[in-house]
1. Which of the residues that make up the stretch 63-83 are at pLDDT below 75, in a helix (DSSP H, G or I) and closer than 22 Å to Asp7 by Cβ?
2. Return the residues of the stretch 32-53 that are loosely packed, with under 14 Cβ neighbours inside 10 Å and not in a helix (DSSP H, G or I); say none if nothing qualifies.
3. Six or more apart or on different chains, Cβ atoms under 8 Å: show the pairs whose first residue is in the stretch 33-47 and within 17 Å of Val57 (Cα to Cα) and in the same structural domain as Leu62 (by TED's automatic domain parsing) and whose second is part of a helix (DSSP H, G or I) and of a type in the set (S, T, N, Q).
4. Cβ-Cβ below 8 Å, separation at least six or inter-chain, first residue in the stretch 11-31 and outside any helix (DSSP H, G or I), second surrounded by 14 or more Cβ atoms within 10 Å (Cβ to Cβ) and of a type outside the set (S, T, N, Q): which pairs?
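The values are calculated or read from the model by the stated rules, or taken from the named source; none is laboratory data. Since the model is a prediction, treat every value here as computed from it, not as a measurement. Neighbour counts run over all protein chains shown; Cβ positions are idealised from the backbone, glycine included.
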Amino acid sequence: MDIPAPDVWLDDELRRLGLNYNQLAQKAGISPSSITEFRRGKAGPAVCTALATVLGVSPLWLMVVAGVAPPPRTLDVNSDRIATIFSALDESRQQTLMAFAEWLRERMLTEQFRR
C-alpha cells in the first residue's frame, strides 16, 4: 500500500470535512504550527493522536502518514477506519452495527454459493 504524503492527505481530509487549518487546530487543541509540522512530516505522536480524534482515523494511521511509525506489514486503512468509527459508538449502536455486519456477511456467503 502506498502511504500518502502528509500534506496531500491532510488537505484532502480538510476538504472532505469542510475545515481549514485553524479550525482543525482549534478542534484538536493544538497550535496551527503543529498542523504545519504534521504537513511537513515532522509531527510527534501527541499531535497525531490529537488530529486523529478530530479526523476520525486511528492515531496509528496518522503516525504512519507523518512518518513517526513504520507501516505495519498489513496496514488496511478501511479496517482501521471501521474500527475507529466502531469504538466511537455507544454500546447499543455497536451491537446494532455488529448485527448488521453479521447479516451482511451471511448474505454475501449465501450469494456466493448460489453462483
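1. Scanning the stretch 63-83 gives Val77, Asp80, Arg81.
2. Of everything in the stretch 32-53, those that are loosely packed, with under 14 Cβ neighbours inside 10 Å and not in a helix (DSSP H, G or I) turn out to be Arg40, Gly41, Gly44.
3. Final answer for the pair search is Ala43/Ser34; Val47/Ser34.
4. Going by the 8 Å Cβ cut-off, the qualifying pairs are Leu19/Lys27; Asn20/Leu14; Gly29/Ala50; Ile30/Val47; Ile30/Ala50; Ile30/Leu51; Ser31/Ala25.
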